[in-house]
1. Restricted to the stretch 111-132, and to residues that are among the hydrophobic types (A, V, I, L, M, F, W, C) and surrounded by fewer than 18 Cβ atoms within 10 Å (Cβ to Cβ), which residue is nearest to Asp70 (Cα to Cα)?
2. Just to be sure, is Arg143 touching a residue at least 12 places away in the same chain (Cβ under 8 Å) and surrounded by fewer than 19 Cβ atoms within 10 Å (Cβ to Cβ)?
3. Please determine whether any residue of the stretch 82-102 is of a type in the set (A, V, I, L, M), in contact (Cβ under 8 Å) with a residue 12 or more places away in the chain, in contact with a Leu (Cβ under 6 Å, 6 or more places away or on another chain) and not in a helix (DSSP H, G or I).
4. Where residues in the stretch 70-81 are in contact (Cβ under 8 Å) with a residue 40 or more places away in the chain and outside any strand (DSSP E or B), which of them is farthest from the chain's Cα centre (by Cα)?
5. Has the stretch 46-61 got any residue that is closer than 28 Å to Gln185 by Cβ, assigned by TED's automatic domain parsing to the domain that holds Met31 and either assigned to a loop (DSSP other than H, G, I, E, B) or under 18 Å from the mean Cα position of the chain (by Cα) (or both)?
6. Return the total of residues in the stretch 199-237 being part of a helix (DSSP H, G or I), in contact (Cβ under 8 Å) with a residue 40 or more places away in the chain and over 17 Å from Ile81 (Cβ atoms).
7. Being under 22 Å from Ala192 (Cβ atoms), of a type in the set (Gly, Ala, Ser) and either outside the structural domain of Leu184 (by TED's automatic domain parsing) or assigned to a loop (DSSP other than H, G, I, E, B) (or both) is the filter here; which residues of the stretch 113-145 pass it?
8. Tally up the residues in the stretch 177-189 that are under 17 Å from Asp240 (Cα atoms) and either surrounded by fewer than 11 Cβ atoms within 10 Å (Cβ to Cβ) or not aliphatic (A, V, I, L, M) (or both), please.
Amino acid sequence: MTCRLYLNQPLEVGASLTLPSDQAHYLRSVMRLAAGDQVILFNGQGGEFLCRIEQLTRENPAVLVESHADIDREMPKRVHIVQAACPSEKIETVLQKATELGAASFTIVRSQRSTLKLDGAKLKKRLQRWQNIVIEAAEQSGRTMAPDVSWINSLKEIPAQGLCFTLHPEPEATSWKEQNEAMLQTKDITLAIGPEGGWSDHDIEILNTVGFTCLTFGPRIMRTETAAPALLAAIQSRIDS
């Protein structure tokens, strides 16, 4: 399978591009590619570009863009994941698996029961790591865009786009079955997933205020890192059927 790389810059057929040093190192030392080999580049602006390596020297790693394929492997509905801050390794699992399954964006948010606290340089470094995980998942899975990852400190600041649901087993919650048709009709869906221990009553009050409806998804309780991938897979299956 041809190696795929995300490059956050304009791409056009006929252009000769200098690769970032980390990507050149990956192609040269990990994938063992050399001049004349092909790679695929994408930048999230539409389709993907077949390129040929001109040289992979440390001084000037360059590729020639040979052709463009107007390919779209994105979900026809944009599903935005709001993940309550939890241990970083669990967030990384959510980012990787949900990217592979088609998530459009990620927002990590502090909640009343969140254990993860980040700010300043530590937050900047962690966001860069998280974004790299998303990019690698997009490259591996064949996606033609790489979702953005952001951090907010308050549930009141959540970007509520389209139909907005949060998994929470309260008596008046709507069910997955009841919302199936509505999900098929909308362009955007935002799913808010609680931390370990679930949303607090105060969290739910705020989420209701900003437009979220409580949703149940089967009789079992999922771990925080399981919920988003499970819902994305279920939405994808409805779209495909």
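The values are calculated or read from the model by the stated rules, or taken from the named source; none is laboratory data. Fair warning: this is a prediction, and the values are worked out from it, not measured in the lab. Don't worry about glycine lacking a Cβ; one is built from the backbone with ideal geometry, like all the others, and counts go over all protein chains shown.
1. Per the stated criteria, the residue is Leu127.
2. No; evaluated as a whole, the condition is false for this residue.
3. yes
4. Of the residues in the stretch 70-81, the ones in contact (Cβ under 8 Å) with a residue 40 or more places away in the chain are 71-81.
Imposing the further condition that a residue be outside any strand (DSSP E or B) reduces the set to 71-77.
On the way: Ile71: 19, Asp72: 16, Arg73: 14, Glu74: 11, Met75: 12, Pro76: 15, Lys77: 14 Å.
My answer is Ile71.
5. Yes, there is a match, as at least one residue in the stretch 46-61 is closer than 28 Å to Gln185 by Cβ, assigned by TED's automatic domain parsing to the domain that holds Met31 and either assigned to a loop (DSSP other than H, G, I, E, B) or under 18 Å from the mean Cα position of the chain (by Cα) (or both).
6. 3
7. Ser114
8. So the first thing to find is which residues in the stretch 177-189 are under 17 Å from Asp240 (Cα atoms), and the list is 177, 179-189.
Then keep just the ones that are either surrounded by fewer than 11 Cβ atoms within 10 Å (Cβ to Cβ) or not aliphatic (A, V, I, L, M) (or both); that gives 177, 179-181, 185-188.
Summing the residues that are under 17 Å from Asp240 (Cα atoms) and either surrounded by fewer than 11 Cβ atoms within 10 Å (Cβ to Cβ) or not aliphatic (A, V, I, L, M) (or both) in the stretch 177-189 gives 8.
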